[in-house]
1. Residue 363: surrounded by fewer than 16 Cβ atoms within 10 Å (Cβ to Cβ), within 16 Å of the ligand (Cβ to nearest atom) and under 26 Å from the mean Cα position of the chain (by Cα), yes or no?
2. The conditions are (1) in a helix (DSSP H, G or I); (2) more than 19 Å from residue 347 (Cα to Cα); (3) more than 14 Å from the ligand (Cβ to nearest atom), and residue 223 fails exactly one of them. Which is it?
3. Output the number of residues of segment 170-206 satisfying the condition of being part of a loop (DSSP other than H, G, I, E, B) and more than 21 Å from residue 224 (Cβ to Cβ).
4. Just give me the residues in segment 288-325 being among the aliphatic types (A, V, I, L, M), surrounded by 10 or more Cβ atoms within 10 Å (Cβ to Cβ) and more than 12 Å from the ligand (Cβ to nearest atom), in sequence order.
5. Would you pick out the residues in segment 160-200 that are of a type in the set (Gly, Ala, Ser) and open to solvent by less than 40 Å² (accessible area, probe 1.4 Å)?
6. Can we say residue 148 is closer than 16 Å to residue 87 by Cβ and modelled with pLDDT of 95 or more?
7. Any idea how many residues of segment 264-303 are without any contact (Cβ under 8 Å) to a residue 12 or more places away in the chain and under 28 Å from residue 322 (Cβ atoms)?
8. Counting only residues that are surrounded by fewer than 22 Cβ atoms within 10 Å (Cβ to Cβ) and more than 12 Å from the ligand (Cβ to nearest atom), how many does segment 244-259 have?
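The values are calculated or read from the model by the stated rules, or taken from the named source; none is laboratory data. Since this is a predicted model, take the numbers as computed values, not measurements. Neighbour counts run over all protein chains shown; Cβ positions are idealised from the backbone, glycine included. For the accessible areas, the whole protein counts, side chains as well, though only heavy atoms, and no ligand, DNA or RNA atoms are used. Shrake-Rupley method; radii C 1.70, N 1.55, O 1.52, S 1.80 Å.
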Amino acid sequence: MGELKGRKLVLGVTGGVAAYKAAELVRLLGKAGADVHVVLTEGGARFVTAVTFQALSGNRVWTDLWDPRMDNNMAHIDLTRDADAIIVAPATADVMAKFVHGRADDLLTTLCLARDCPLLVAPAMNRQMWEHPATRRNAAQLRADGVTLLGPAAGEQACGEVGLGRMLEPEELCEAVIGFFQPKLLAGRRVVMTAGPTFEAIDPVRGITNSSSGKMAYGLARACVQAGAEVTLVSGPVALSTPAGCARVNVKSALEMREAVFAALPGADVFIGVAAVADYRPAASAEHKIKKSGEQMSITLTPNPDILADVAGLASPPFCVGFAAESRNLDEYAEGKRKAKKLPLIVGNLVQDGLGGDDNEVVLFDAAGRHPLPKAPKPEVARAIVAHLAGLLPGS
Ligand code: CTP
């Protein structure tokens with residue numbers, strides 16, 4: 001937490017039903033340490049009242065260009081004078097059109113025109129409005145003008161339709177804002193990662209798998225994107241949505257994962273093996289469901305290839321990073337794996353409370369020794385790992 005400490009953010013809330021989610025966004029940005037100042041448009045105020053935003057932000061809420069509360073009557077300049085960014089969430093099709101044309105007919109549009117800080121816009125509208133050629137043009141023009149568009153996402157909409165246009169969830173928006181301020185340590189780098197468990201089929205309905213939520217890998221993928229990398233995520237079965245900006249390849253078994261990794265590898269600068277790959281698979285997978293007989297049964301297992309060791313063993317491998325989850329002797333086992341697999345960096349963590357939690361405590365092992373990182377939420381740990389690995393890359 002505290003990634004937005006010392007940041008002053010202006011949050012513009014316009015008139016879309018997603019305005020109710022902006023209340024949660026204020027809470028999350030505040031929790032991350034930001035000082036949030038809400039500007040509510042007339043339309044926004046029809047959905048959520050200023051009192052809600054005032055209570056959540058701890059700051060006065062601004063709605064009116066002619067508000068006499070500002071000593072010099074210059075709210076349109078003073079509010080953004082020392083702001084680090086303006087975020088507009090939700091942003092209606094109308095406000096996007098206004099930004100494109102430099103309109104300044106209310107406090108928010110005037111602030112955006114008079115600003116010298118970055119503008120981040122989270123569109124929220126009906127699918128047909130988003131797909132309309134006018135909105136397509138406006139979105140392209142905003143990008144060309146240096147505005148950052150966050151989303152929209154696809155999914156079920158308030159109007160009952162399904163499609164692209166839904167505002168990103170508050171958690172995703174908060175992450176995107178945090179990511180926006182991250183140093184671009186991996187700009188121009190291509191990263192391939194494995195994630196989640198693998199599933200080794202015994203028959204069409206059963207299999208052997210490892211316990212892995214994929215949260216650490218997905219957090220790391222997100223952190224790599226936020227650091228400016230182009231990321232391919234080769235993922236076993238997990239219940240997580242793909243981080244924005246990642247190319248995701250879904251696989252099930254270790255053999256499929258290996259094939260997808262090698263297909264994605266050409267041109268990669270970094271390979272990170274986070275997946276909990278099953279070390280063994282059934283020697284044969286039954287074509288039909290195996291019926292119980294009441295007798296003991298045994299399954300013959302055959303070893304799976306070690307994907308990470310195979311990549312690190314290439315003639316000119318990318319910078320390879322491994323993970324070692326151990327239940328004891330962390331230093332010995334993690335460093336042992338680093339050397340055995342010829343890795344410049346391995347991330348070790350002691351699994352005490354089981355996997356799948358939201359926090360993680362890891363130790364990094366590289367040629368220079370051990371580097372413990374403080375226990376923190378997985379996204380934060382991911383950013384610390386990215387910072388460390390970026391410093392070890394050739395040419396950095
Ligand atoms: N790994 C891999 N392919 C495998 C097994 C592991 O790519 N078949 C990668 C993991 O993604 C991780 C690292 O190797 O980055 C360490 O995995 P782990 O299973 O802990 O190590 P093993 O070498 O399999 O040792 P053990 O299971 O005996 O602890």
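1. Judged against the criteria, residue 363 is not a match.
2. Just one mismatch for residue 223, condition (2).
3. The total comes to 3.
4. 290, 299, 301, 314
5. 163, 165, 176, 179, 195, 196
6. yes
7. So the answer is 1.
8. 10
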